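Read the structure below first, then the notes.
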Protein chains: 2
Amino acid sequence: MELEFLGTGAGSPAKSRNVTGIALKLLEEINEVWLFDVGEGTQHQILRTTIRPRKINRIFITHLHGDHIFGLPGFLSSRSFQGAQKNEPLTIYAPKGVQDFVQTAMRVSQTKLSYKINFVVLDKEKNIFEDERFRVIAKHLDHRIECFGFRIEEKDYPGELMVAKLRADNVPSGPLYGQLKAGKTITLQDGRIIKGQDYLGAPKKGRIIAILGDTRQTDNIALLAQNADVLVHESTFAKDEAQLAYNYYHSTCVQAAQVASRCNVKKLILTHISARYVGQKARLLEKDAKIIFKNTKLANDFDVFKIPFSKK
Amino acid sequence: MELEFLGTGAGSPAKSRNVTGIALKLLEEINEVWLFDVGEGTQHQILRTTIRPRKINRIFITHLHGDHIFGLPGFLSSRSFQGAQKNEPLTIYAPKGVQDFVQTAMRVSQTKLSYKINFVVLDKEKNIFEDERFRVIAKHLDHRIECFGFRIEEKDYPGELMVAKLRADNVPSGPLYGQLKAGKTITLQDGRIIKGQDYLGAPKKGRIIAILGDTRQTDNIALLAQNADVLVHESTFAKDEAQLAYNYYHSTCVQAAQVASRCNVKKLILTHISARYVGQKARLLEKDAKIIFKNTKLANDFDVFKIPFSKK
Ligand SMILES: [Zn+2]
Ligand SMILES: [Zn+2]
């Protein structure tokens, strides 16, 4: 599980930072890549990574500002052009309006995609995706336009079957092991009753990633971020600009760090960096945040963060 | 007068070539920059040039395929964001559909531009722009989708007033010189009749630039290209692929060269290069064209071509 930042800038593309695009790479887990926001040029950035567009099967859009969606028509077209098949559909979770934008672009350009797009409208807070491996929760944030944050929860892994212990207790191997691994209780031919739970290691906690859209400070942030292994938080403004941040519906680097500290987050990644902060000034955003929350990183384009299981 | 190539690729962006975008820089002439096609990432390319988005006041779109228009919403938004004023409007000349695409993008993203956009629909062949300095003619090409080529004609410059000759003939300087420069005939106080035309140098021929969209070979190409100082012609396919080019509504490098030769063009620039042609293979497109028409250049991203007055 890795997060790869395709664009870490705010508003307009700059030489050093593209507009927002974040890839959550779940290749080892489920051989999928999920994309969070698709600013213009996201497909250009992907060209410079090992990400294959066909592998991207879910796109989550935090809000409809241009710097978060104008790369959609081009990305979707190229995914088709580059050979995505009919059986490789894509689901877009986004506030109302994205379907209108994408379909107008496709109609006007007479683009026929080789695969189907499912549009899921985000309008209220809910679990927007759940299967046996992952759950994604969306909650409203506080931006100038309807905006969401996402909490991606990996489900816990069951404990490993302690085969050595079973052998030591002379439990014969075979299909019974599968039942024990599933936690069931079985009766052996010699009459002994064996409880699976006695032979299972501790379950491994799944990881939690919180990815926020643009936002002022608001209560829902804590609900998304609580105990996350990684929190991706916008940092559009510097330490001393809390009033400006409030006026423009954004956050400061220090506010992000305070969230991380309060919510027992393991790692904080700052993104959505204004072009006003370059070099030393950008590093200062990280430095000021670190005073509040030590494990903070300021993301740059093409940064990759591995997300390890927590040691507990 | 310069042509700057912002994107020289076909279909999808590639590492070495962005999708189509061409700037005609008329800074010395009228302090304006005109853009021909705006593929995704055109604004990113502009960041790496000296072009200021505010100076771009006319955009000409050859056709509505995504690789020629998906950069419009982002470019238009950033032009506003970067401070274009209410009195710096922009006119977009394009086939029907662009207004729908742009306005949907602006509405969905809740973008309010600081300046006005005038949409001029290209539907039939005509002079689409004319003032005292330039005329632009649009003609249909033959592509899978309605597509236009443009002929930009700079009007001739009147000859210079021969001041030395006037002095030698004892014509007193003063406001009369202005009338002579305008070609009028005047009567001096001493009764002599002086014809302006006797004191004017030869008029200087204006330059002609032909910029074509994607196209098969078709008769209108000659009408656009005839006697052009520069012809920008697509070269999507290689020498031996005329049948493929025809099937896909495109041209080969050799077909472009034949046009240049037949139409008495001074310089041919090949663009819209498929990602299949890299390095040696791309150079071969130019080489094969040069056998037919010597003054051929294959455009690469960020190439700038000065367009000199012809020596006559
Ligand atoms: Zn925003
Ligand atoms: Zn085309």
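The values are calculated or read from the model by the stated rules, or taken from the named source; none is laboratory data. Only a predicted model underlies this, so the values are computations on that prediction, with no experimental measurement involved. For neighbour counting, all protein chains shown are included, and Cβ atoms are generated from backbone atoms with ideal geometry for every residue, glycine included. Accessible surface areas use protein heavy atoms only, side chains included; no ligands, DNA or RNA. Shrake-Rupley method; radii C 1.70, N 1.55, O 1.52, S 1.80 Å.
Suppose we filter region A:272-301 for residues that are closer than 24 Å to residue B:47 by Cβ and touching an Asp or Glu at 6+ places or on another chain (Cβ under 7 Å); how many remain?
Count: 2.
Report, by residue number, each residue of region A:201-224 that is touching an Asp or Glu at 6+ places or on another chain (Cβ under 7 Å) and either over 30 Å from residue A:142 (Cα atoms) or within 16 Å of ligand 2 (Cβ to nearest atom) (or both). Working first, answer last.
If we filter region A:201-224 for residues that are touching an Asp or Glu at 6+ places or on another chain (Cβ under 7 Å), which is where we start, we get A:201, A:203-209, A:212, A:214-216, A:218.
Residues satisfying the conditions are A:201, A:203, A:204, A:205.
Among what's in region B:190-205 and is free of Cβ contacts under 8 Å to residues at least 60 places away in the same chain and surrounded by 15 or more Cβ atoms within 10 Å (Cβ to Cβ), pick the residue that is nearest to ligand 1 (Cβ to nearest atom).
This residue is B:200.
In region A:113-126, how many residues are open to solvent by less than 20 Å² (accessible area, probe 1.4 Å) and either aromatic (Phe, Trp, Tyr) or closer than 14 Å to residue B:11 by Cα (or both)?
Total satisfying the criteria: 1.
Filter region A:42-63 for residues that are assigned to a strand (DSSP E or B), under 21 Å from residue A:272 (Cα atoms) and either facing another protein chain (nearest Cβ under 7 Å) or among the β-branched types (Val, Ile, Thr) (or both) and give the result.
Across region A:42-63, the qualifying residue is only A:59.
Determine which member of the set A:239, A:311, A:287 is assigned to a helix (DSSP H, G or I) and over 22 Å from residue A:37 (Cβ atoms).
Just one listed residue meets the conditions, A:287.
Name the residue that is nearest to residue A:145 (Cα to Cα), counting only residues in region A:206-235 that are within 14 Å of ligand 1 (Cβ to nearest atom) and open to solvent by 10 Å² or more (accessible area, probe 1.4 Å).
If we take residues in region A:206-235 being within 14 Å of ligand 1 (Cβ to nearest atom) and open to solvent by 10 Å² or more (accessible area, probe 1.4 Å), then A:216 is nearest to residue A:145 (Cα to Cα).
Report whether or not residue B:40 is surrounded by 17 or more Cβ atoms within 10 Å (Cβ to Cβ), out of contact with any Lys or Arg (no Cβ under 7 Å at 6 or more places or on another chain) and acidic (Asp, Glu).
Yes; evaluated as a whole, the condition is true for this residue.
Of all residues in region B:78-112 being at pLDDT 95 or above and among the basic types (Lys, Arg), which is surrounded by the most Cβ atoms within 10 Å (Cβ to Cβ)?
B:79
Identify, by number, the condition in (1) within 13 Å of chain B (Cβ to nearest Cβ); (2) closer than 26 Å to residue B:106 by Cα; (3) out of contact with any His (no Cβ under 7 Å at 6 or more places or on another chain) that residue A:82 doesn't meet.
(2)
Please name all residue pairs, on different chains or six or more residues apart, with Cβ atoms under 7 Å, provided the first residue is in region B:108-121 and is farther than 28 Å from residue B:148 by Cβ and the second residue is open to solvent by 60 Å² or more (accessible area, probe 1.4 Å).
B:114/B:85; B:114/B:86
Name the residue, out of A:39, A:66, that is within 14 Å of another protein chain (Cβ to nearest Cβ) and over 25 Å from residue A:307 (Cβ atoms).
A:66
May I ask you to say which residue of B:145, B:152, B:51, B:46 is aliphatic (A, V, I, L, M), buried (at least 18 other Cβ atoms within 10 Å of the Cβ), within 30 Å of residue B:219 (Cα to Cα) and more than 16 Å from ligand 1 (Cβ to nearest atom)?
Result: B:152 is the single residue among B:145, B:152, B:51, B:46 that is aliphatic (A, V, I, L, M), buried (at least 18 other Cβ atoms within 10 Å of the Cβ), within 30 Å of residue B:219 (Cα to Cα) and more than 16 Å from ligand 1 (Cβ to nearest atom).
Does residue B:29 satisfy the criteria of being acidic (Asp, Glu) and surrounded by fewer than 23 Cβ atoms within 10 Å (Cβ to Cβ)?
Values: acidic (Asp, Glu): yes; surrounded by fewer than 23 Cβ atoms within 10 Å (Cβ to Cβ): yes.
The answer is yes for residue B:29.
Are there strands (runs of 3 or more DSSP E) fully within region A:118-198 with at least 2 residues that are more than 16 Å from ligand 2 (Cβ to nearest atom) and under 23 Å from residue A:29 (Cβ atoms)? List them.
Details: elements: A:126-130, A:134-140, A:148-154, A:185-187, A:193-195.
Counting at least 2 such residues, we get A:126-130, A:134-140, A:148-154.
Please state which of the following conditions residue B:31 fails to meet, knowing it meets all the rest: (1) within 22 Å of residue B:207 (Cα to Cα); (2) within 13 Å of chain A (Cβ to nearest Cβ); (3) polar (S, T, N, Q).
(2)
If you check B:134, B:129, which single one turns out to be more than 16 Å from ligand 1 (Cβ to nearest atom), in contact with a helix residue (DSSP H, G or I) (Cβ under 9 Å, 6 or more places away or on another chain) and open to solvent by less than 60 Å² (accessible area, probe 1.4 Å)?
Unique residue meeting the criteria: B:134.
Read through the list (1) crowded, with 23+ Cβ neighbours inside 10 Å; (2) within 16 Å of ligand 1 (Cβ to nearest atom), then give the number of the only condition that residue A:6 fails.
Here residue A:6 meets the rest and fails (2).
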